[in-house]
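Working notes, beginning with the structure itself.
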Amino acid sequence: MQHVLDFFTFGAIGFWIMVAVLSIIYTIAVEKDIHGWAIGATIIAAILGWDSLFGPEGAVWHWRVLLLGIIIYGIAGGAWSVFRWFKYCRKYIETHPNEKISLIEGYGDNKRHLTIEQYYSEKLKPSEHKSRLIAWIVYWPWSLVWNVVGDFFTGIYDALANIYNRVAASVIKKALNRP
């Protein structure tokens, strides 16, 4: 059993494979707001890397170092989650503009009229998005990387889509003007 665990020692190839797999799982968990696989993968990774991290000569050799690391990680995650929440709220409002929102909530006798502000306030209550917010705190490094990479590729796609649309419009125009 020890030979299997040695494969996952910090810096060994197994360690880097595990980090890559975890990174993929965490990124998907954060972006899709599904966390079961991420929690399970974290537990398995902790078991496999326990000696490497917490053994007599492990990377986390003292509880104070671990506590300080958790505090710093949590503060960074909290700051990241505030930024992501701002971005999420802005995107939600952009994708649900005033004219498309039904200002009547509920069914039958439970109908009530809402102002735009009330509607957005109800839809964007942090208590309704706990799992998303916690994921941004816990998996903030992967969320940050995916956010930067995703924004970069979305920008490239949008620029190319505009070119593709102009090419298609030009081809259609020429095709329809033929005798």
Open item on the list: Need one number: nm distance between label points at Y88 and A20, each 7 Å from Cα along Cα→Cβ, rounded to one decimal.
Closed with: 3.0 nm
Task: Inter-probe distance in nm under a simple model that places probes 7 Å from Cα toward Cβ, at K125 and A159 - done: 4.3 nm
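Read-outs: derived from the displayed coordinates by stated rules, not from any lab. The structure presented is a predicted model; accordingly, all values stated were derived computationally and were not measured. Glycine also receives a Cβ, built like all others from the backbone with ideal geometry; neighbour counts cover every protein chain displayed.
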